1. Does Ala422 meet the test of being over 30 Å from Met75 (Cβ atoms), among the hydrophobic types (A, V, I, L, M, F, W, C) and surrounded by fewer than 23 Cβ atoms within 10 Å (Cβ to Cβ)?
2. For region 180-206, what are the residues that are farther than 21 Å from Ala54 by Cβ and either within 20 Å of the chain's Cα centre (by Cα) or aliphatic (A, V, I, L, M) (or both)?
3. Would you mind stating whether Glu379 is in contact with a helix residue (DSSP H, G or I) (Cβ under 7 Å, 6 or more places away or on another chain), touching a residue at least 12 places away in the same chain (Cβ under 8 Å), open to solvent by 60 Å² or more (accessible area, probe 1.4 Å) and farther than 21 Å from Ser270 by Cβ?
4. Could you tell me which of the residues Thr357, Thr324, Thr387 is β-branched (Val, Ile, Thr), open to solvent by 50 Å² or more (accessible area, probe 1.4 Å) and either in contact (Cβ under 8 Å) with a residue 24 or more places away in the chain or not in a loop (DSSP other than H, G, I, E, B) (or both)?
5. Could you tell me whether region 102-113 includes any residue that is assigned to a helix (DSSP H, G or I), open to solvent by less than 50 Å² (accessible area, probe 1.4 Å), touching a Lys or Arg at 6+ places or on another chain (Cβ under 6 Å) and touching a residue at least 12 places away in the same chain (Cβ under 8 Å)?
6. Which one of Arg490, Arg473, Arg562, Arg523 is farther than 26 Å from Ser402 by Cα, at pLDDT 90 or above, open to solvent by 40 Å² or more (accessible area, probe 1.4 Å) and of a type in the set (Lys, Arg)?
7. Is there a residue being of a type in the set (Lys, Arg) and under 17 Å from Ser270 (Cβ atoms) anywhere in region 231-241?
8. Look through region 581-630, keep the residues that are open to solvent by less than 70 Å² (accessible area, probe 1.4 Å) and aromatic (Phe, Trp, Tyr), and return whichever of them is nearest to Pro536 (Cα to Cα).
Amino acid sequence: MGGTEGNVLAHTVIGTAGHIDHGKTQLVHALTGVDTDRTRQEKERGITIELGFAHFGQTTTIIDVPGHERFVKTMVAGVSTIDVALLVIAADDGVMPQTREHLDVLQILGIERGVIALNKVDLVDDEWLQLVEEDVRGVLQGTQLENSPILRVSALHGTGVDTLAQSLRETLAAVQERDARSRPFRLPVDRAFSIHGFGNVATGTTLSGQARRGDELEQLPQGRRLRIRGLQRHGEDVDLVEAGDRAAINLAGEDAEQIERGDVLIQPGSLQATSMLDVDLRLLESAPKHLEQRTRVRIHIGTIEVLGRVVLLRDTTLEPGQQTMAQIRLEKPVVAAFGDRFVVRRYSPAVTIGGGTVLDPSPDKHREGEGSVALLLDELTGESMTTAVIAWVRHRGRRAPSLQDTGAAFASDGDSLEADAASSLTAFDHHGVRHLVTTELWEADQSLIVDTLTRYHRATPQEAGMARVSLMRELGFGPSEPLFEALLGRLEADGITAREGAAVRLSTHEISLSPEDEVLAERIEQELQKGGLAKPPSAEDLASSTGAEVGQVSSLLRAMGRLGRLVFLDETLFVSVSQMAYAREGLEKHLATADQISVSDFRQSLDTNRRYALALLNLFDAEGLTVKDDAGRRSLAPRMSLPLSREKTP
């Protein structure tokens, strides 16, 4: 399937709508010369069951949808991506149930442009035709199609078909080109089939982005990777399809034959499947009854129908004609993004009752009547996507969504979203992943960290810093939230804080002892000197001899170590500075006349126990003063030359 990229004219899509047997398929044939009823069953029964497709001019496709009430879900799949509606009403029947339901669907999906074809005018007289036309005007009043032209036609005899074609062209000319070429590729599949000699083909309307022959696509919600073997646009082989195009994609890859209507083909990683949607929901005035909490309904979004339950966030019920914020919990995953339209139909009997707009495609699970969430969702209903992105990031607070997840939620390029909201959002990297947070929260949390450390230093001046884990918990950060590490990194880079092992401190902080602690420190130094290396005291011993709490003594010992007033040999053993100097001098003197020294000899020379002797030697090894052989004996490290200390323990 070779070809060229073709012309640059914007491609548009017309979708039919209307009651069964009102002549939609016959009218499409009159406009295009194409019989869109392809299957034997359709031809035998004389009704449309599946979606049909026909070319109207060089850049427009007509999607012919079924009119029978049993196939409304197929109709919704067909019109979910159209630009212009062709509402067909038979003059002899007038407005019928599926006329109204299809019109409701067009309203819910936000189809703003259309042409009304009053078909089969050859079967009625002028007086009846006038009455039907007035009735149609009344039905259209208050809808987005109320000002659409109503044209009298006969698909069978060709009466008015040329006028209808011209009206459709004029309506199409007013369609604005989809401003979505720079966004990631996205195509909801409305038909999938296999062609002998070519393989598997999926068709649909490209909602956004571009795809080229040879590109890799992702099939959602399954997550499969597929490759584009060939492309057609408007029945012609091309190398590229883009936003607005009706595309047929020849797919290659493992399990490519498993693609079906309702799946979505995307640029890999640009969208995500979801089983919950936060939505702006409206119940039609024509709905037969109010909607209760957790009502099971049919959700039509894109080209798929799924079952789900509605959780109302403001009230316990939703009355016909009213609007509310809600969460829809789906029974199987769909692909959705901010701004996507959806249709709601009753579970049984299956009749259209409402619909709305997706506000958050990846929400937390909400409780019934959670009004605070509804207020937050109100912030997502503005006209500006940038405003919605800022609100969406704000709702997630310290969880700081990744740039990729943000892009997926809005079916947009993350870098573009970040650039557009740069004045209100701050981006940071964490383990190679870029995250977003509001600048307001970023600055507030920086100040909170500084304020917390200031209070901590004031309360515990003897501590080098606050443990990172304690600081994280104090501020209420979760263990998996990257924002905490990013904030500390920024503060450290700015010279405001510094790392102190597993602790954090203000860069201006210097360890000091309170007058009370200074008195206790002097007592501890006296006790250390009294015990000497022969009977070195533990923290518990010092607490007992000084009358202080063990915790207080342990904390003070660490502070004294940081101040250089004693030396920790390991986590629990410590000696005074003079005792450390005495041990070092004794070791160096011994090794000045002997090649090696054992732990036992060193213990005896210091008149201490084996535990302290071994801890001292391990410390000297770590300092590079000595090296240990396989037998545990020490010798001076090569090229090691340290001055001997003259300090001795009294």
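The values are calculated or read from the model by the stated rules, or taken from the named source; none is laboratory data. If you're wondering where the values come from, they're calculated on a predicted model, not measured in any experiment. For neighbour counting, all protein chains shown are included, and Cβ atoms are generated from backbone atoms with ideal geometry for every residue, glycine included. Protein only, heavy atoms only, side chains kept; ligands, DNA and RNA dropped before computing areas. Shrake-Rupley method; radii C 1.70, N 1.55, O 1.52, S 1.80 Å.
1. Numbers: over 30 Å from Met75 (Cβ atoms): yes; among the hydrophobic types (A, V, I, L, M, F, W, C): yes; surrounded by fewer than 23 Cβ atoms within 10 Å (Cβ to Cβ): yes.
In short, yes.
2. Ala180, Ser182, Arg183, Pro184, Phe185, Arg186
3. Values: in contact with a helix residue (DSSP H, G or I) (Cβ under 7 Å, 6 or more places away or on another chain): yes; touching a residue at least 12 places away in the same chain (Cβ under 8 Å): yes; open to solvent by 60 Å² or more (accessible area, probe 1.4 Å): yes; farther than 21 Å from Ser270 by Cβ: yes.
Yes.
4. Details: Thr357 fails: open to solvent by 50 Å² or more (accessible area, probe 1.4 Å); Thr324 fails: open to solvent by 50 Å² or more (accessible area, probe 1.4 Å).
It is Thr387.
5. Checked region 102-113: no residue is assigned to a helix (DSSP H, G or I), open to solvent by less than 50 Å² (accessible area, probe 1.4 Å), touching a Lys or Arg at 6+ places or on another chain (Cβ under 6 Å) and touching a residue at least 12 places away in the same chain (Cβ under 8 Å).
6. Values: Arg490 fails: farther than 26 Å from Ser402 by Cα; Arg473 fails: farther than 26 Å from Ser402 by Cα; Arg562 fails: at pLDDT 90 or above.
Of the residues listed, the single one that is farther than 26 Å from Ser402 by Cα, at pLDDT 90 or above, open to solvent by 40 Å² or more (accessible area, probe 1.4 Å) and of a type in the set (Lys, Arg) is Arg523.
7. First, pick out the residues of region 231-241 that are of a type in the set (Lys, Arg): 233.
With under 17 Å from Ser270 (Cβ atoms) added as a condition, the list becomes none.
No, every residue in region 231-241 fails to be of a type in the set (Lys, Arg) and under 17 Å from Ser270 (Cβ atoms).
8. Going through the qualifying residues, I end up with Tyr612.
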